[in-house]
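Report on one structure; see the data block that follows.
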Amino acid sequence: MDTTVKGRNKWANAHTNYWLDALRIALGVFFIYKGASFITNTGEFDGIVASTDYFNGGMISFHYIAAAHIMGGIMIIFGLITRWAIIAQLPILIGAVLVNFIGEMNANNLILATLTLAVSLFFLFYGSGKHSADYFFKMNK
């Protein structure tokens, strides 16, 4: 089996189905929802940061998280540069998992963050699939 990105894309396009596209779209919608929720609930962010007194750059990370979730979610929904959008999400998702071990443990948040990280890692390797803007633009060169 070809281990290059092009080879993985060929395999993924040959074995694609609509469930994976629906999962990719649901992931994008979830990121948009979490980004909007993050903006409207700034007190929740303050509570998370308060548990780690040594955390610097709170306002910078707040804006990065909100923008990455909303813009990344839109790109993931359309399948437009999906891998890059997910790479922008990875530091946030890893931080979401780790914050449960640094601060107060919240089992629901840990499970949700771990599941989202797992699905994101799947699409990082799988790609956006055959029913995406990436595939459309690649075929219409």
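State all residues of the range 91-137 that are part of a helix (DSSP H, G or I) and of a type in the set (D, E, K, R); if no residue qualifies, say none.
Correct list: Asp134 only.
Checking the structure you have, find out if any residue of the range 21-40 is in contact with a Gly (Cβ under 6 Å, 6 or more places away or on another chain) and modelled with pLDDT under 90.
Yes, the range 21-40 contains a residue that is in contact with a Gly (Cβ under 6 Å, 6 or more places away or on another chain) and modelled with pLDDT under 90.
Working only within the range 103-141, note down all residues that are at pLDDT 80 or above, of a type in the set (A, V, I, L, M, F, W, C) and under 19 Å from Gly73 (Cβ atoms).
Leu112, Ala113, Leu115, Leu117, Ala118, Val119, Leu121, Phe122, Phe123, Leu124
Can you name every residue in the range 45-61 that is closer than 17 Å to Leu98 by Cβ, of a type outside the set (Gly, Ala, Ser) and at pLDDT 70 or above?
Residue satisfying the conditions is Phe45 alone.
Could you say whether any residue in the range 95-117 is within 25 Å of Tyr18 (Cβ to Cβ), free of Cβ contacts under 8 Å to residues at least 40 places away in the same chain and surrounded by 17 or more Cβ atoms within 10 Å (Cβ to Cβ)?
Restricting attention to the range 95-117, the residues satisfying the condition of being within 25 Å of Tyr18 (Cβ to Cβ) are 112, 115-117.
Now drop any that are not free of Cβ contacts under 8 Å to residues at least 40 places away in the same chain, which leaves 112, 115, 117.
With the extra rule that they be surrounded by 17 or more Cβ atoms within 10 Å (Cβ to Cβ), the set shrinks to 117.
Yes, the range 95-117 contains a residue that is within 25 Å of Tyr18 (Cβ to Cβ), free of Cβ contacts under 8 Å to residues at least 40 places away in the same chain and surrounded by 17 or more Cβ atoms within 10 Å (Cβ to Cβ).
Check Ile81 against each of (1) in contact with an Asp or Glu (Cβ under 9 Å, 6 or more places away or on another chain); (2) at pLDDT 90 or above and name the one condition it does not meet.
(2)
Could you please find all residues in the range 68-115 being among the small types (Gly, Ala, Ser) and touching a helix residue (DSSP H, G or I) at 6+ places or on another chain (Cβ under 6 Å)?
Ala68, Gly72, Gly73, Gly79, Ala85, Ala88, Ala96, Ala113
The values are calculated or read from the model by the stated rules, or taken from the named source; none is laboratory data. Nothing here was measured: the structure is a model prediction, and the numbers come from that model. Backbone-built Cβ (ideal geometry, glycine too); neighbour counts: all protein chains shown.
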